[in-house]
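Inspection log for the structure reproduced underneath, given as structure tokens.
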Amino acid sequence: MQTIAERLKSAHERIEQALAGAHRPSNSVQLLAVSKTKPVSDLLIAYEAGQRLFGENYVSEGVEKIQALKALTGIQWHMIGPLQSNKTRAVAEHFDWVQSVDRLKIARRLNDQRPEGMAPLNVCIQVNIDDEDSKSGVAPEEIDTLIDAITGFEKLTLRGLMAIPKADPTPEQQQQSLTALHDLFKRYHTKLSNFDTLSVGMSADMEAAITHGSTMVRVGSAIFGARD
Ligand SMILES: *Cc1c(COP(=O)(O)O)cnc(C)c1O
């Protein structure tokens, strides 16, 4: 069986190969280690192997891990799961990024609840790129309105877009939705400062996502093993 350190190394190799294949610069994709449901001891092993970006889906589990590991320097914590408005305060007080902003009410609460002494919270707008009922995220035509609101919030920095494309697509479907997402990203990237992040690609589809402009892949099972 492979260790977490070995699987992390393989993930970096997959990223670099995909970048080379797409004629993109080395190191132009960040690796977010998705540690949901995994014990703090696994995160510590990944940290010791050099991993610094961690993604969590559930607020209370994430906050517990942030507190358990607060002595470690340089960790960046990303909230990537659906967010209910009664949980925004804990997120605003503990996380560095929220990738799953999908409505104005959530953005406004995160802005109001971000503590004064902390740096602005980095946020991405989650886009429901394949128009799936099962997925959260805004429709592409709703992005403009949400962007206008978020750029007016002092305690939020709008960093980009996040999406979870349809699972097990045909190659044509995959190509179509990743291209549409990349086009949306480019449209705002050229207009807005700090809008530098296209968060797409997971264990199964990171190569395709990198071919289509991803700047951050969110990888869980390929690093930490299958979840229960
Ligand atoms: C669980 C999860 C991932 C990681 O998925 P894997 O297939 O385990 O790599 C990425 N993004 C989100 C939003 C997730 O919930």
Check your understanding: From the residues in segment 77-128 that are out of contact with any strand residue (DSSP E or B) (no Cβ under 8 Å at 6 or more places or on another chain) and either of a type in the set (Asp, Glu) or within 14 Å of the ligand (Cβ to nearest atom) (or both), which one is farthest from residue 160 (Cα to Cα)?
Key -> 116
Check your understanding: Restricting attention to segment 183-207, which residues are more than 17 Å from residue 139 (Cβ to Cβ), within 15 Å of the chain's Cα centre (by Cα) and not β-branched (Val, Ile, Thr)?
Key -> 195, 196, 198, 199, 201, 202, 203, 205, 206
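Tell me the residue from 166, 191, 155 that is within 14 Å of the ligand (Cβ to nearest atom) and surrounded by fewer than 22 Cβ atoms within 10 Å (Cβ to Cβ), please. Before you say what the answer is, go through the steps one by one.
Numbers: 191 fails: within 14 Å of the ligand (Cβ to nearest atom); 155 fails: within 14 Å of the ligand (Cβ to nearest atom).
After applying the criteria, what remains is 166.
Just the residues that are away from the ligand (no atom under 16 Å from the Cβ) and out of contact with any Leu (no Cβ under 9 Å at 6 or more places or on another chain), please, taken from segment 61-76.
Result: 63, 64, 66, 67, 70, 71, 73, 74.
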Review point. Given the conditions (1) farther than 22 Å from residue 82 by Cα; (2) at pLDDT below 95, and given that residue 171 satisfies all but one, which numbered condition is not satisfied?
Key: (2)
Exercise for review: Write out, first by first residue and then by second, each pair whose Cβ atoms fall under 7 Å of each other, whose residues are 6+ apart or on separate chains, and whose first residue, in segment 99-118, is part of a helix (DSSP H, G or I) while the second is surrounded by 12 or more Cβ atoms within 10 Å (Cβ to Cβ) and among the small types (Gly, Ala, Ser).
Suggested key: 104/149; 105/85; 106/85; 107/149; 109/85; 110/92; 113/92
Check your understanding: Take the residues of segment 64-91 that are over 17 Å from the mean Cα position of the chain (by Cα) and of a type in the set (A, V, I, L, M, F, W, C): which is nearest to residue 103 (Cα to Cα)?
Key -> 90
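Could you tell me which of the residues 161, 181, 198 is within 15 Å of the ligand (Cβ to nearest atom), under 20 Å from residue 14 (Cα atoms) and not acidic (Asp, Glu)? Spell out the reasoning first.
On the way: 161 fails: under 20 Å from residue 14 (Cα atoms); 181 fails: under 20 Å from residue 14 (Cα atoms).
Going through 161, 181, 198 in turn, just one is within 15 Å of the ligand (Cβ to nearest atom), under 20 Å from residue 14 (Cα atoms) and not acidic (Asp, Glu): 198.
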Exercise for review: Could you tell me which residue of segment 208-228 is nearest to the ligand (Cβ to nearest atom), considering only residues that are under 24 Å from residue 143 (Cα atoms) and out of contact with any helix residue (DSSP H, G or I) (no Cβ under 6 Å at 6 or more places or on another chain)?
Suggested key: 218
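The values are calculated or read from the model by the stated rules, or taken from the named source; none is laboratory data. Predicted model only: the values in this text are computed from it and were never measured. Note that we place each Cβ from the backbone using ideal geometry, even for glycine, and neighbour counts take in every protein chain shown.
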